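To keep things clear, I will list the structure first and then write my remarks on it.
Nothing in this text is a laboratory measurement; each read-out follows from the coordinates by a stated rule. Note that the structure is a prediction, hence the values are computed from the model and not measured. Glycine also receives a Cβ, built like all others from the backbone with ideal geometry; neighbour counts cover every protein chain displayed.
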Amino acid sequence: MAPTWGPGMVSVVGPMGLLVVLLVGGCAAEEPPRFIKEPKDQIGVSGGVASFVCQATGDPKPRVTWNKKGKKVNSQRFETIEFDESAGAVLRIQPLRTPRDENVYECVAQNSVGEITVHAKLTVLREDQLPSGFPNIDMGPQLKVVERTRTATMLCAASGNPDPEITWFKDFLPVDPSASNGRIKQLRSESTPIRGALQIESSEETDQGKYECVATNSAGVRYSSPANLYVRVRRVAPRFSILPVSHEIMPGGNVNITCVAVGSPMPYVKWMQGAEDLTPEDDMPVGRNVLELTDVKDSANYTCVAMSSLGVIEAVAQITVKCEQGPWGF
Ligand SMILES: *[C@@H]1O[C@H](CO)[C@@H](O)[C@H](O)[C@H]1NC(C)=O
Ligand SMILES: *[C@@H]1O[C@H](CO)[C@@H](O)[C@H](O)[C@H]1NC(C)=O
């Protein structure tokens, strides 16, 4: 096991790899682990899924593990999915077998200050033993493709007695709408199939994943088949929406040349004069670049270059300095 450094300690690797530990002192706000999410006892169905969610807090941040009779759970059908930097862990069992999976599972949270354990009991019923009110998924979520920034709705309808509560898992972790800044909502309307639907607004690439709808009541828990949500990112090669315009100006005149390009991803836009870059490489604007020319003496050609991972395009503006034709006509 890796050493656990308490708060206020700084480790420095000195010359010749010597490990020096400096005690910085001060904040000794050590705190033993405390559960913020405790697993609940569950009644699953043979062939189905059960997952127990456990999360702890403390200082230093605790590490959460799952045990069975004091030993780490270990089977092909058992998976531990860590989250919150290992301060949380989901124990997922799939497919459930009866009676062999019927056990008490232990979630252990540990840091350098202490260790605590919470227990959760799993009961697994055969399909022909289920009580009549056992939750049923009447309609599970379906594979969906959504364009980035658009709204995606994953539907789920379930029945049972009492009326089951619907929750969602994404990639085996519980979906927490309250952690999404209101972007992810579980719809609460009375009418099915909208009742338990998960609505994801202005979808992001991180929303892509495997979603499961879970119906739970006092009789047990039932998982839907998983459904993938794909978030598609449109890819559009750069093109100019405002082409740079050629100008004729008087000697010593000023002119601004605007160049605007669009695409997805948005292209960078720079100006060049011949082979010379006029826009600093490390400060290249995206989408729009205005070349400001002052006190122009000589005619020249300026090239606007727009580039993204999908391509590079160019457009030339010709700046022609007119020969002075004063009142004397020379
Ligand atoms: C060019 O743009 C600058 C900054 O917006 C502005 O101050 C200036 O007057 C413009 N020059 C011309 C010739 O339009
Ligand atoms: C700018 O480009 C045009 C067309 O290629 C060319 O005829 C002209 O001589 C160029 N002007 C300058 C100042 O290089």
Self-check item: Contact order relative to length of the chain, as percent, for alpha carbon pairs under 8 angstrom and 6 or more apart
Solution: 12 percent
Quiz item: From the square roots a ≥ b ≥ c of the eigenvalues of the alpha-carbon gyration tensor of the range 58-215, which class results: rounded (a/c under 1.5), prolate (a/b over b/c), or oblate?
Solution: oblate
Exercise. State the percent of C-alpha pairs, over all pairs in the range 241-302, separated by a distance greater than 18 angstrom.
Key: 39 percent
Exercise. With a Förster radius of 51 Å, plug the Cβ-Cβ distance of Met266 and Arg188 into 1/(1 + (r/R0)^6) and report the FRET value to the nearest 0.05.
Key: 0.85
Quiz prompt | Surface/4 estimate of mean projected area, convex hull on alpha-carbon atoms of the range 67-108, nm² | solution = 3.0 nm²
Quiz prompt | Two-decimal ratio, the range 140-209, of alpha-carbon radius of gyration to 2.2 N^0.38 Å | solution = 1.10
Quiz item: Given the chain, what percent of its DSSP beta bridges are antiparallel, to the nearest 5?
Solution: 90 percent
Self-check item: Length released on extending from Phe78 to Ser180, taking residue separation times 0.36 nm less the Cα-Cα span
Solution: 33.8 nm
Quiz item: Which of Gly58, Gly220, Gly70 moves the most in a Gaussian network model of the chain with Cα springs under 10 Å?
Solution: Gly70
Practice problem: Could you tally the net charge around Ala157, taking each other residue with its Cβ under 10 Å from the Cβ of Ala157, Lys/Arg +1 and Asp/Glu -1? | Solution: 0
Quiz item: Gap in Å between the Cα centre of the range 66-105 and the Cα centre of the range 259-282?
Solution: 54 Å
Exercise. Report P(r) for the chain: all Cα-Cα distances, bin width 20 Å, range 0 to the bin holding the largest distance, values in whole percent.
Key: 22, 33, 27, 14, 4, 0
Quiz item: Could you name the lysines in cross-link range of Lys121, using Cα to Cα under 19 Å and dropping any fewer than eight places away on the same chain?
Solution: Lys37, Lys40, Lys68, Lys69, Lys71, Lys72
Quiz prompt | Candidates Thr279, Thr80, Thr123: whichever shows maximal mean-square fluctuation once the chain is modelled as a Gaussian network with Cα springs under 10 Å | solution = Thr279
Practice problem: Do me a favour and compute the ellipsoid semi-axes for the range 95-172 from its Cα gyration tensor, root of five times each eigenvalue, largest one first, whole Å. | Solution: 31, 25, 12
Practice problem: For the range 108-219, calculate the relative contact order in percent as a whole number, restricting contacts to Cα pairs under 8 Å that are 6 or more residues apart. | Solution: 31 percent
Practice problem: Give, in nm to one decimal, the length gained when the segment between Thr258 and Gln142 is fully stretched (0.36 nm per residue of separation minus the Cα-Cα distance). | Solution: 37.0 nm
